[in-house]
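Before any comments, here is the structure.
The values are calculated or read from the model by the stated rules, or taken from the named source; none is laboratory data. Because the structure is a prediction, the values reported are computed rather than measured. Don't worry about glycine lacking a Cβ; one is built from the backbone with ideal geometry, like all the others, and counts go over all protein chains shown. Just so you know, the surface numbers come from the protein's heavy atoms only, side chains and all, with ligands and any DNA or RNA stripped out. Shrake-Rupley method; radii C 1.70, N 1.55, O 1.52, S 1.80 Å.
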Amino acid sequence: MEGLTKQVEGITKQVKGALHLSRPAGSSTGNPPKEGERMYLIGGNWKCNGTVASLTELIDTFNKAGPIPANVEVAICAPFIHIPLCLSKLRDDIAVGAQNCGVNEKEGAYTGEICASQLKDIGVVWVCIGHSERREGFGMAGEDSELVAKKVKVALDAGLKVMFAIGEKKEERENGTTNDVCASQLAPAAKLLDEKDWENVAIAYEPVWAIGTGLTATPEMAQETHAFIRKWMSENVSEAVAKAIRIQYGGSMKGANAKDLLAQPDIDGGLIGGASLKADFFNVVNGAPQEE
């Protein structure tokens, strides 16, 4: 039995090694953030898109896109079936993420689910939780804020980092309740998470009305909401967490508008949908402010 166990462990190491062995080295340029400054986080969300052929081509484009600024962290949240492709082919300075995980804390009889510990085991670093498309549902019940908060906690406890998405619908923006909606989505997580948990969380503010529509909040509108989120975190979690946490903007950010959005003091990155499936993704990456 002991010999079989060692054999299985050896095979497991070989499989994991094969996944990571051929990842090409990335490259960096510029200066890292100064002490006390937040590192920008640009996350790509491929959603339910891509074939092996199309994503292999896209990965090759990213691998040849040149150095990543030293004050920018980059991650790609891929469909589950394409995570191994990213782990074997994507440049090693782009972290690999998932777009969801189960609320179950361990493996077991949860047909169709993939748990956070399995993602961690295969080499995933980030997971996006609470995206508006999952909150709303698509031909199925959506995920409420309490469920989202539970998933965030489960993912963190498994050792993953979380892009925690929140945001209002068009009618809520027009009714002037944007801040109330964001607060109501943050509150369950604030109750569940310890202060230390927030070190591995980025909040992705995504105005639902701007996702995939081509509409974008103006930099000033986005900054106003990001400032509110940071203030809420200061009042309801801690001032230290509020100062350190990164708040991404997730409403149709692309190369053409990234520079103006990322120049705002409380916008610390982006959660990028459509543009992350194109070479334009690196225009967003390179849109983060750099010291002259």
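For segment 263-275, enumerate the residues that are crowded, with 23+ Cβ neighbours inside 10 Å and closer than 11 Å to Gln223 by Cβ.
Ile267
Test Glu57 against the criterion of being exposed (fewer than 11 other Cβ atoms within 10 Å of the Cβ) and either at pLDDT 95 or above or not in a helix (DSSP H, G or I) (or both), and give yes or no.
When the stated conditions are applied, Glu57 does not pass them.
Restricting attention to segment 42-54, and to residues there that are in contact with a helix residue (DSSP H, G or I) (Cβ under 8 Å, 6 or more places away or on another chain) and polar (S, T, N, Q), which single residue is most open to solvent (accessible area, probe 1.4 Å)?
The qualifying residue most open to solvent (accessible area, probe 1.4 Å) is Asn49.
What number of residues within segment 112-128 satisfy the criterion of being on the phi > 0 side of the Ramachandran plot and open to solvent by 50 Å² or more (accessible area, probe 1.4 Å)?
Matching residues across segment 112-128 total 1.
List every residue pair whose Cβ atoms sit under 7 Å apart, with the two residues 6 or more apart in sequence or on different chains, where the first one lies in segment 45-67 and is at negative phi and the second, anywhere, is hydroxyl-bearing (Ser, Thr, Tyr).
Final answer for the pair search is Asn45/Ser276; Trp46/Ser276; Pro67/Ser27; Pro67/Ser28; Pro67/Thr29.
Report yes if Ala183 is in contact with a Pro (Cβ under 9 Å, 6 or more places away or on another chain), surrounded by 15 or more Cβ atoms within 10 Å (Cβ to Cβ) and in a helix (DSSP H, G or I), otherwise no.
no
What residue, of Thr216, Thr225, is on the phi < 0 side of the Ramachandran plot, buried (at least 16 other Cβ atoms within 10 Å of the Cβ) and in a loop (DSSP other than H, G, I, E, B)?
On the way: Thr225 fails: in a loop (DSSP other than H, G, I, E, B).
Result: Thr216 is the single residue among Thr216, Thr225 that is on the phi < 0 side of the Ramachandran plot, buried (at least 16 other Cβ atoms within 10 Å of the Cβ) and in a loop (DSSP other than H, G, I, E, B).
Return yes or no: is Glu235 closer than 24 Å to Lys47 by Cα and either open to solvent by less than 10 Å² (accessible area, probe 1.4 Å) or at pLDDT 95 or above (or both)?
Spelling it out, it is not the case that Glu235 is closer than 24 Å to Lys47 by Cα and either open to solvent by less than 10 Å² (accessible area, probe 1.4 Å) or at pLDDT 95 or above (or both).
Please specify each residue of segment 140-180 satisfying the condition of being β-branched (Val, Ile, Thr) and open to solvent by 20 Å² or more (accessible area, probe 1.4 Å). Please lay out each step first, then the result.
To start, the set of residues in segment 140-180 that are β-branched (Val, Ile, Thr) comprises 148, 152, 154, 162, 166, 177-178.
Of everything in segment 140-180, just one residue is β-branched (Val, Ile, Thr) and open to solvent by 20 Å² or more (accessible area, probe 1.4 Å), namely Thr177.
Looking at segment 43-51, can you tell me whether even one residue there is over 18 Å from the mean Cα position of the chain (by Cα) and more than 24 Å from Gly130 (Cα to Cα)?
Yes, segment 43-51 contains a residue that is over 18 Å from the mean Cα position of the chain (by Cα) and more than 24 Å from Gly130 (Cα to Cα).
Quick check on Gly287: is it out of contact with any strand residue (DSSP E or B) (no Cβ under 6 Å at 6 or more places or on another chain), closer than 23 Å to Trp126 by Cβ and not basic (Lys, Arg)?
So Gly287 passes the test.
If you check Val8 against the conditions, is it exposed (fewer than 11 other Cβ atoms within 10 Å of the Cβ), modelled with pLDDT under 95 and among the hydrophobic types (A, V, I, L, M, F, W, C)?
Criteria met by Val8.
For segment 121-177, give me the residue count where each residue is more than 24 Å from Asp93 (Cα to Cα) and not in a helix (DSSP H, G or I).
17
Against the condition of a type in the set (A, V, I, L, M, F, W, C), assigned to a loop (DSSP other than H, G, I, E, B) and surrounded by 17 or more Cβ atoms within 10 Å (Cβ to Cβ), how does Ala65 come out, does it pass?
Yes; evaluated as a whole, the condition is true for this residue.
Going through segment 189-206 one residue at a time, which ones are more than 18 Å from Ala240 (Cβ to Cβ), within 19 Å of the chain's Cα centre (by Cα) and outside any loop (DSSP other than H, G, I, E, B)?
Looking only at segment 189-206, we keep the residues that are more than 18 Å from Ala240 (Cβ to Cβ), and these are 191-192, 204-206.
Those left that are additionally within 19 Å of the chain's Cα centre (by Cα): 204-206.
Matches in segment 189-206: Ala204, Tyr205.
Any residue in segment 248-272 that's more than 17 Å from Glu224 (Cβ to Cβ) and without any contact (Cβ under 8 Å) to a residue 60 or more places away in the chain: show its pairings with residues that are in a loop (DSSP other than H, G, I, E, B) and β-branched (Val, Ile, Thr) at Cβ separation under 9 Å, as long as the two are six or more apart or on different chains.
Taking only residues 6 or more apart or on different chains, the pairs are Ser252/Ile211; Ser252/Thr213; Ser252/Thr216; Lys254/Thr216.
Every residue in segment 24-54 that is in a loop (DSSP other than H, G, I, E, B) and among the small types (Gly, Ala, Ser), please. So that I can check it myself, show each step before the final result.
Just the residues of segment 24-54 that are in a loop (DSSP other than H, G, I, E, B), to begin with: 24-27, 30-39, 46-51.
Scanning segment 24-54 gives Ala25, Gly26, Ser27, Gly30, Gly36, Gly50.
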